[in-house]
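Undergrad: Just dropping this structure here.
The values are calculated or read from the model by the stated rules, or taken from the named source; none is laboratory data. None of the values given here were measured: they were computed from a predicted structure. Cβ atoms come from the backbone with ideal geometry, glycine included; neighbour counts cover every protein chain shown.
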Amino acid sequence: MRILVVGSGPVGLMFCAKLSREGHECVLIERHDFNQTFSRASTLQPATLELLSEFACWPELLAQGEVVSDVMSWNLERSTQQRSSYDALSAQTRFPYRLHLHQAALRAELIAELQASRCCCLVDKADAVALQFDRCNQGVSVRVNRFGSSGLSQTFQGDYLILCDGARSVLRDQLGLRFEGYDLPTPVVRLSVPMIPDSLQGQLAGVSYVQSEGGSVSCLKMTDGWRFVLRPRLSELRQALAGTAWARQRLAGVFRDCVPAQWWESIPAMRDSYRVAQRCVKTRQVQRVFLLGDVAHVTNTRGGLNMNFGLIEAYALASCFLNHPDWQALQHWNLTWSRLTQDALMARTQQLLAGRTPRFLRSSSESFGALMRASLLDLLSYSKSLRR
C-alpha cells in the first residue's frame, strides 16, 4: 500500500511518522522547502503529548519545550484572579501539563525522524496542482509542478491520497468540497519578547488570560521568552499591522500598574499576525482522498485546539490504515471525525471567540470536565481504539 500525503505541517508529519514507524510506504509532498522556519501554533495539549511520546523524537521535543501546568484568568477591572492546574488530570494522563513548543521545532524533529526512515519519500519544492482517480477507483494520482529553473511537471501515483495542504487547498476545491463558515473581521496579532520584568512575571501563570478595559490578552511563557496574543478592534487594524508600536502601547496600557510604559518601548520584540476563521468541510472522505488538519477545519486559535485536534485525527487515520482497513472502516473514521469536528472542535472554539475566558476558569463546579475537554483528553479514546 502506497499513500500520498500533500502538506508537511505538523498534521501531515504526524500521519507520515505513524505510518513509517510501522514500516508502511508513504510519499510526502511539500510546496515549500522542508527547512522553512515559520511558527504559529505553539501549544501541545496532554492528549497530543500522549501520542507524540511514542516517537523517537519525544525526548528532544520535551527538552525544547516549556512545561506549563498552571493556567490563570486575570480580570484587571475587577481585580480578580482565577487559577487552575493541569495537575487535576494526573489520574487521566502521564502528561498533566501543556507543552509550549514552537511549531518550527516540532516540524524539524518529525522531519528528522522521517528522513531516518526508509519508508517515507520526502519531496519538497513541489506544488500539487491537480489530482485524478483511476478509472476503476483503485488508486489516485497527483500532478505537481517542481520549483526551480527546470519547471518540470511530475505525477505521483498511490493507493490513497491524504490532503494536509492548508485552508487554501486547491485540491480540496477540485473535489467540490465547500469550506463552510466565516472569517473573523480582524486578525490575531502576536508580540514576542525575550523577557518580562519580575514585577509582571510574579503575577502571571505559564498561561494567563487577561481581561482589561482595552480588551483581552493571552500570555504564554515560552523557552525563549513570552508571547502575547492580542485581538485588535476593526478601528485599530491599520495601526495593529504597522510594526510593533500598537502592540507595545496596548500591553503598556493593560499592565500599567505592573510595568513602566518605557519598558515596553525599549524591549526588543517581534510581531506577526494571522487571520482567524471558523470553517470546516462536512465530510473528510471523497473516494480515496482523505482530509486532515487545516484543509478540513480552521478555528479560533485559543489553546492550539485546531492543531491538536488535527494531530489526534491524523494519528487515528494512520492507525486505521495500519489495521489494513476495508471501506467500512475508512467510512467509519470519516463519519466519526466529521461528527467530532462539529460537536467537539467547532463547538469548543466557538465559546472562546472574542477572547472569552476558557470555561474551566469560569466555573469551579465544572472545572474538571471542562479541563478534560480543553486538553482534548476526552477525544483520546477515538485514537486509542484504533491502535494495533
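Undergrad: Among the candidates Val27, Val5, Val11, single out the residue that is assigned to a helix (DSSP H, G or I) and within 28 Å of Ser169 (Cβ to Cβ). Steps first, please.
TA: Working: Val27 fails: assigned to a helix (DSSP H, G or I); Val5 fails: assigned to a helix (DSSP H, G or I).
Sole residue among the options that is assigned to a helix (DSSP H, G or I) and within 28 Å of Ser169 (Cβ to Cβ): Val11.
Undergrad: Checking the conditions here, which among Arg118, Arg146, Arg135 is closer than 15 Å to Arg31 by Cβ, of a type outside the set (S, T, N, Q) and over 24 Å from the mean Cα position of the chain (by Cα)?
TA: On the way: Arg118 fails: closer than 15 Å to Arg31 by Cβ; Arg135 fails: closer than 15 Å to Arg31 by Cβ.
The conditions single out Arg146.
Undergrad: While we're here: Just to confirm my filter: which strands (runs of 3 or more DSSP E) fall fully inside the range 86-153 and include at least 1 residues that are closer than 23 Å to Cys57 by Cα and out of contact with any Phe, Trp or Tyr (no Cβ under 7 Å at 6 or more places or on another chain)? So that I can check it myself, show each step before the final result.
TA: Details: elements: 98-100, 120-123, 126-133, 140-146.
Output list reads 98-100, 120-123.
Undergrad: Need pairs with beta-carbon distance below 6 Å; first residue under 23 Å from Phe147 (Cα atoms) and within the range 12-33, second aromatic (Phe, Trp, Tyr) and in a strand (DSSP E or B); sequence gap 6+ or separate chains.
TA: Qualifying pairs under 6 Å: Val27/Phe156.
Undergrad: Being out of contact with any Ser or Thr (no Cβ under 7 Å at 6 or more places or on another chain) and of a type in the set (D, E, K, R) is true for just one of Arg231, Arg227, Arg238. Which residue is that? Even if it seems obvious, please write down each step before you answer.
TA: Details: Arg231 fails: out of contact with any Ser or Thr (no Cβ under 7 Å at 6 or more places or on another chain); Arg227 fails: out of contact with any Ser or Thr (no Cβ under 7 Å at 6 or more places or on another chain).
Exactly one residue qualifies, and that residue is Arg238.
Undergrad: Oh, and also: Just give me the residues in the range 325-354 being in contact (Cβ under 8 Å) with a residue 60 or more places away in the chain and farther than 26 Å from Asp70 by Cβ, in sequence order.
TA: The answer is Thr341, Gln342, Met346.
Undergrad: Still on this structure, I have one more. How many residues, within the range 39-87, are surrounded by fewer than 15 Cβ atoms within 10 Å (Cβ to Cβ) and closer than 14 Å to Leu110 by Cα?
TA: Matching residues across the range 39-87 total 4.
Undergrad: Got at least one residue in the range 287-308 being assigned to a loop (DSSP other than H, G, I, E, B), at negative phi, at pLDDT 95 or above and among the basic types (Lys, Arg)? If you could, list the steps in order and put the result at the bottom.
TA: Our first condition is that a residue be assigned to a loop (DSSP other than H, G, I, E, B); within the range 287-308, this holds for 287-288, 292, 296, 299-301.
From what's left, at negative phi: 288, 292, 296, 299-301.
When the remaining residues are screened for being at pLDDT 95 or above, the result is 288, 292, 296.
This time we only want the ones that are among the basic types (Lys, Arg), so: 288.
For the range 287-308, residues assigned to a loop (DSSP other than H, G, I, E, B), at negative phi, at pLDDT 95 or above and among the basic types (Lys, Arg): present.
Undergrad: Can you list residue pairs whose Cβ atoms sit under 6 Å apart, with the first residue in the range 240-252 being of a type outside the set (Gly, Ala, Ser) and the second being in a loop (DSSP other than H, G, I, E, B) and at pLDDT 95 or above? Count only pairs 6 or more apart in sequence or on different chains.
TA: Between residues of the range 240-252 that are of a type outside the set (Gly, Ala, Ser) and residues that are in a loop (DSSP other than H, G, I, E, B) and at pLDDT 95 or above, the close pairs are Thr244/Ala269.
Undergrad: Here's something else I'd like to know. Regarding Val67, is this residue closer than 18 Å to Gly303 by Cα and either among the β-branched types (Val, Ile, Thr) or part of a loop (DSSP other than H, G, I, E, B) (or both)?
TA: Values: closer than 18 Å to Gly303 by Cα: yes; either among the β-branched types (Val, Ile, Thr) or part of a loop (DSSP other than H, G, I, E, B) (or both): yes.
It is true that Val67 is closer than 18 Å to Gly303 by Cα and either among the β-branched types (Val, Ile, Thr) or part of a loop (DSSP other than H, G, I, E, B) (or both).
Undergrad: Looking only at the range 16-70, which residues are touching a Ser or Thr at 6+ places or on another chain (Cβ under 8 Å), farther than 27 Å from Phe368 by Cα and hydroxyl-bearing (Ser, Thr, Tyr)?
TA: Correct list: Ser20 only.
Undergrad: Test each condition in (1) touching a residue at least 12 places away in the same chain (Cβ under 8 Å); (2) over 30 Å from Val142 (Cβ atoms); (3) assigned to a loop (DSSP other than H, G, I, E, B); (4) not hydroxyl-bearing (Ser, Thr, Tyr) for Lys282 and report the one that comes out false.
TA: Unmet condition: (2).
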